[in-house]
Amino acid sequence: MTNLIQYKTLNYIGYTATPYANILNETEDYTLFPKDFICSLEPSSYYFGPSRIIGIPNSKAIKVIRDIPSNVAPKVNDLNGISEVHEDHTKPLPQSLKEAVCWYLCCAATFRCRGTKLSSSMLIHTSQLTGHHSNMRLAVENWLRNSKVEVSNLCRTVWERETKDLTLSKFVDQCNEIEGINPYPDKINDYPDYNEVSQKLEILLSNVSNIKLGDNDDFVYHDGVHICEDNCKSNYTAKEGFYMRLIYPNQKDRKFSHAFIVIGGNTLSRGLTLEGLVSSYFLRTRTTAIDTLTQMGRWFGFRRGYELLPRIWMTDTTFKNFQKIALSENSLREEIIIFSRDKALKPVDYSPRILTHPDSVLNPTSINRMYGAEFVNLDYRNNILETTLFEGDAEILRQNKEVVSEFLVKLNNLKEPESRKSNKLWRGISGEIVRSLFNKYMFNDRSTKFKHMDLMIKWIKECEDNGLFENWNVALCGPISGDDWDISNGLSIKKRNFNAKHVLRDNCNYYSFRRFREHIDLLVDSSIYESMNSVKMKVSNIYDTRNSNSLDKTPLLLVNCVNKEFKDIHSKEDFVGFTILFPSIKGKEGAYIATPIEIDEEFAEFDIDDDMEEK
């Protein structure tokens, strides 16, 4: 594309729902940065996008998201169940997936009740690995074929629950209450009577198979459920006479609504429309690019005629990531609209900013596409940051340990620490002392959360200057027993025994820890700490507790030392690192990333705030 742009007679106009890669490209000639114009297209009133389906934090949305239990006891943690099915198709399907399949069957039956010829689809996207897809397909097939009584009973239970939780009147109210979106313009079909649905269910469950091939290798569709495994390898493993991948019937050949359950990964993420998508079961926890996750959200789109039916199953973590995506999209739209009011301005003059989220691993797009990206304003409020990556260079580890030792000795000379269980706590430490520590400490370059320490330190200073932060509380933490870290003049703490992975390949030499603190220590400066056990609390509960203890403006720094001799670490030096808890701050902006540009004096005073592969 960039080669074509060099021809002077070429006009390039792009339409996209995910413009991040273009906007964060270099602004030089012959790149895909939209230097002439960017226009935010008004979404159709019929469109179900992130704002309607997901919503932004603390906003209204249509209640179609269903939870995949993950932060619970192992026996009811459905992520464990999914992992087992990925490795062995004879393992039972987790309950949430069974319910998602049953809801789909009810919706496919509803399509038949209404007489539409539109096909109905269910998406099961739990992995990018083709071997996992195959086991998932077999597990779903076996359950539908061999457990018809259980399936039928669960269909009724799920139908009664879902039609009660989201009635037609609730749907209309929720749809029309979403700020900034016009009311839905069409009359919406209500649910049919379950007696009608159950009759169609019997037909659907009578035949569960892949798409059949006729004598001339033409596709033969039946009135049951077609199970499709869509990836780059599936047709090579298909049984003779069957077609494994997804392909819908031609419009002219349809006599009724055909049913498809589609299992796959990356091939389902882009360029493929899932017809009549009413049930989605989605697990992709390692995807970090906002544009990729948005493209994986096949449930966004137009749902005319079956608006009341779509449901989406995902974990709470994935849901919150999609909320952040919706927030980034809304922020970018607003910024483009504001700038587009001035017809003299071009994107190359102001460079649109994209809201990012330091409390997550999300990036606007993949790193290799953000050629010109630069963080221009960061926000760490309501964030807990942890050093989990450490250089393998013993000299750097030694220097960091020395820097932290000097910092702790300074605190100890200022005041006597409080004893908090096995920890030591200093209250009311000035931000200047803490910022000095951050300036001297050498953070690992691979750690995205500490990659922009200069901007973080600047942000902390601004919060202090504006009275948003009070002085810091600093805790030196350690277990009750273990080897001693003797710091100076009687100041010591026990070393932690946390395991680490040593990455040693090519030019890489670093240690990766899964954690670098005890969860309970996030409340080490609260009044309830001494009486607490080690039960893990949600982050929201941590902040609620801190706020109720008048710590809503108090940042917290935890210092831990991990034993170099624990298990298979084999390091020459101990690991000394931090956990930083920033308080919730109202009224601060989010974090933004943009392509840096040369600002002409004409625009210098303009302030916008005024008006994954398959294997």
Could you give the distance between the Cα centres of region 211-276 and region 508-534, to the whole Å? 50 Å
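As a quick test, which of the pairs LYS410/LYS501; LYS35/LYS451; LYS187/LYS255; LYS60/LYS320; LYS410/LYS440; LYS421/LYS495 have an alpha carbon distance above 22 angstrom in this structure? Write out the running numbers ahead of the final one.
Values: LYS410/LYS501 33 Å; LYS35/LYS451 28 Å; LYS187/LYS255 25 Å; LYS60/LYS320 14 Å; LYS410/LYS440 14 Å; LYS421/LYS495 15 Å.
Violating the 22 Å limit, Cα to Cα: LYS410/LYS501; LYS35/LYS451; LYS187/LYS255.
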With every protein chain left in place and a probe of 1.4 Å, what is the accessible surface of ASP483, to the nearest 10 Å²? 80 Å²
Cα convex hull volume per residue for region 385-459 (Å³): 115 Å³
For LEU168 the rounded accessible area (nearest 10 Å², probe 1.4 Å, non-protein molecules ignored) is 50 Å²
With every protein chain kept in place and a 1.4 Å probe, the residues PHE300, PHE390 fall, from largest accessible area down, as PHE300, PHE390
Cross-link pairs LYS170/LYS252; LYS424/LYS449; LYS324/LYS461 - those with Cα-Cα distance over 28 Å: LYS170/LYS252
Whole-Hz Karplus ³J(HN,Hα) for region 543-552, in order, using 6.51 cos²θ - 1.76 cosθ + 1.60 and θ = phi - 60°, x for Gly and Pro? 5, 4, 5, 5, 5, 6, 9, 6, 10, 5
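Lys and Arg at +1, Asp and Glu at -1: add these up for the other residues within a Cβ distance under 12 Å of ARG514 and post the number.
Details: positive: LYS501, ARG515, ARG517; negative: GLU386.
Neighbourhood net charge equals +2.
What ranking of VAL149, VAL158 comes out by heavy-atom accessible area, probe 1.4 Å, highest first? All intermediate terms of the calculation are to be shown ahead of the outcome.
Numbers: VAL149 110, VAL158 0 Å².
Reading off the accessible areas and sorting them downward yields VAL149, VAL158.
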Tell me, what is the FRET efficiency for ASP484 and LYS410 to the nearest 0.05, using R0 = 22 angstrom and their Cβ-Cβ distance as r? 0.60
Residues of region 545-577 with backbone N under 19 Å of the label point set 7 Å from the Cα of GLU432 along Cα→Cβ are 555
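The values are calculated or read from the model by the stated rules, or taken from the named source; none is laboratory data. Computed from a prediction, not measured in an experiment: that's the story for all the values here. No Cβ is skipped: glycine too gets one built from the backbone with ideal geometry, and neighbour counts run over all protein chains shown. Surface areas here come from the heavy atoms of the whole protein model, side chains and all, with no ligands, DNA or RNA. Shrake-Rupley method; radii C 1.70, N 1.55, O 1.52, S 1.80 Å.
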